Amino acid sequence: MNSRIVVVYKSSTGFTQKYAEMLAGKIDCTLAVYKDATPELLSGYDIVVFGTRAHAGRIDGFRKMKEMFRKSEAAKFVLFVTGAMPNTARETINAFWRQNFTADEPEQIPHFYMQSGLCYEKMSFSDKLMMKAAAAMIKGKKSKSPEEKEFERAIAGSYDISSEIYLQPLTAFLSDISDEPS
Ligand SMILES: Cc1cc2nc3c(=O)[nH]c(=O)nc-3n(C[C@H](O)[C@H](O)[C@H](O)COP(=O)(O)O)c2cc1C
């Protein structure tokens, strides 16, 4: 058991939970849900891995989790984000990191993106409304860019493009740093 690492996850429709469970299984560490996380809980570990979703361009729960980490005695904060964007959309993903991080954070916080999909069946009412509004906005446009057409197609229904493959860079990173002396 790797007693130095805790993986805290925040998941609404299950994709982040699935990745977090796979990760905890691979590196054999503690798994905790975001709503149970406290600075005291995090203080019992050296490395805190936070897994969450991309939500309307933002990292869901990021601010609160950073605050909790700051108040804890844990040494390292690592982030992974799941989202509907495919991993091949490097430019969009880089823009996403840029709009969520302060100038220093890309260096300070190791961060990993994992493609997941959409699950309308498990989505909250307010999230369904947001998706409906996005779909209506694009539908109403007279001329659509190729990106908008692609986005319209992508949000039309549920899909799952998650895979263990996308977890590998994070698993490798954690194996490396957890071998280092604390
Ligand atoms: C309202 C809403 C907004 C979303 N915004 C984004 C986004 O900005 N970028 C993205 O890649 N995925 C976005 N997604 C897709 C989710 O990030 C994706 O389904 C995620 O894996 C959900 O995680 P969960 O199942 O753990 O809750 C959005 C989904 C919803 C419902």
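The values are calculated or read from the model by the stated rules, or taken from the named source; none is laboratory data. This structure is a prediction, so every number in the text was calculated from the model and none was measured. No Cβ is skipped: glycine too gets one built from the backbone with ideal geometry, and neighbour counts run over all protein chains shown. Each accessible area value is taken on the protein alone, full model and side chains, heavy atoms only, with ligands, DNA and RNA left out. Shrake-Rupley method; radii C 1.70, N 1.55, O 1.52, S 1.80 Å.
I'd like to know if segment 123-130 contains one or more residues that are near the ligand (Cβ under 8 Å from one of its atoms), hydrophobic (A, V, I, L, M, F, W, C) and part of a loop (DSSP other than H, G, I, E, B).
yes
Residues in segment 64-96 that are within 10 Å of the ligand (Cβ to nearest atom), open to solvent by less than 10 Å² (accessible area, probe 1.4 Å) and outside any helix (DSSP H, G or I): how many?
Here the count works out to 3.
Kindly indicate whether residue 136 is loosely packed, with under 12 Cβ neighbours inside 10 Å and of a type in the set (A, V, I, L, M).
Numbers: loosely packed, with under 12 Cβ neighbours inside 10 Å: yes; of a type in the set (A, V, I, L, M): yes.
Answer is yes for this residue.
Suppose the filter is near the ligand (Cβ under 8 Å from one of its atoms), assigned to a helix (DSSP H, G or I) and open to solvent by less than 30 Å² (accessible area, probe 1.4 Å); does residue 16 pass it?
Values: near the ligand (Cβ under 8 Å from one of its atoms): yes; assigned to a helix (DSSP H, G or I): yes; open to solvent by less than 30 Å² (accessible area, probe 1.4 Å): yes.
When the stated conditions are applied, residue 16 passes them.
Taking segment 150-182, which residues are in contact (Cβ under 8 Å) with a residue 60 or more places away in the chain and among the β-branched types (Val, Ile, Thr)?
155, 161, 171, 177
Identify the residue in segment 131-147 that is under 20 Å from residue 55 (Cβ atoms) and among the charged types (D, E, K, R) and, among all such residues, is farthest from the ligand (Cβ to nearest atom). Before the answer, list the steps.
The first filter runs over segment 131-147 and keeps only residues under 20 Å from residue 55 (Cβ atoms), leaving 131-138, 147.
This time we only want the ones that are among the charged types (D, E, K, R), so: 132, 147.
On the way: 132: 10, 147: 13 Å.
Looking at the filtered set, the residue picked out is 147.
Please determine whether any residue of segment 40-52 is open to solvent by 30 Å² or more (accessible area, probe 1.4 Å), at pLDDT 95 or above, touching a Gly at 6+ places or on another chain (Cβ under 9 Å) and more than 16 Å from the ligand (Cβ to nearest atom).
Scanning segment 40-52, I find no residue that is open to solvent by 30 Å² or more (accessible area, probe 1.4 Å), at pLDDT 95 or above, touching a Gly at 6+ places or on another chain (Cβ under 9 Å) and more than 16 Å from the ligand (Cβ to nearest atom), so the answer is no.
Read through the list (1) in a strand (DSSP E or B); (2) over 20 Å from residue 113 (Cβ atoms), then give the number of the only condition that residue 25 fails.
(1)
Which of the residues spanning segment 155-178 are surrounded by 13 or more Cβ atoms within 10 Å (Cβ to Cβ) and of a type in the set (A, V, I, L, M)?
155, 161, 167, 170, 174, 177
Filter segment 139-149 for residues that are without any contact (Cβ under 8 Å) to a residue 12 or more places away in the chain and either loosely packed, with under 13 Cβ neighbours inside 10 Å or of a type outside the set (Asp, Glu) (or both) and give the result. Don't jump to the end; show me each part of the working.
Going through segment 139-149, the residues without any contact (Cβ under 8 Å) to a residue 12 or more places away in the chain turn out to be 140-149.
Those that are without any contact (Cβ under 8 Å) to a residue 12 or more places away in the chain and either loosely packed, with under 13 Cβ neighbours inside 10 Å or of a type outside the set (Asp, Glu) (or both): 140, 141, 142, 143, 144, 145, 146, 147, 149.
Looking at the structure I just gave you, is residue 114 open to solvent by less than 40 Å² (accessible area, probe 1.4 Å) and either part of a helix (DSSP H, G or I) or more than 16 Å from the ligand (Cβ to nearest atom) (or both)? Talk me through it step by step, then tell me what you get.
Numbers: open to solvent by less than 40 Å² (accessible area, probe 1.4 Å): yes; either part of a helix (DSSP H, G or I) or more than 16 Å from the ligand (Cβ to nearest atom) (or both): no.
No: the conditions fail for residue 114.
Do we have any residue at all in segment 23-39 that's near the ligand (Cβ under 8 Å from one of its atoms), surrounded by fewer than 22 Cβ atoms within 10 Å (Cβ to Cβ) and not assigned by TED's automatic domain parsing to the domain that holds residue 147? So that I can check it myself, show each step before the final result.
In the first step, residues of segment 23-39 are kept if they are near the ligand (Cβ under 8 Å from one of its atoms); the result is none.
The answer is no; no qualifying residue exists.
Just need a number here: residues in segment 97-111 that are surrounded by 16 or more Cβ atoms within 10 Å (Cβ to Cβ) and more than 26 Å from residue 178 (Cα to Cα).
Qualifying residue count for the region: 1.
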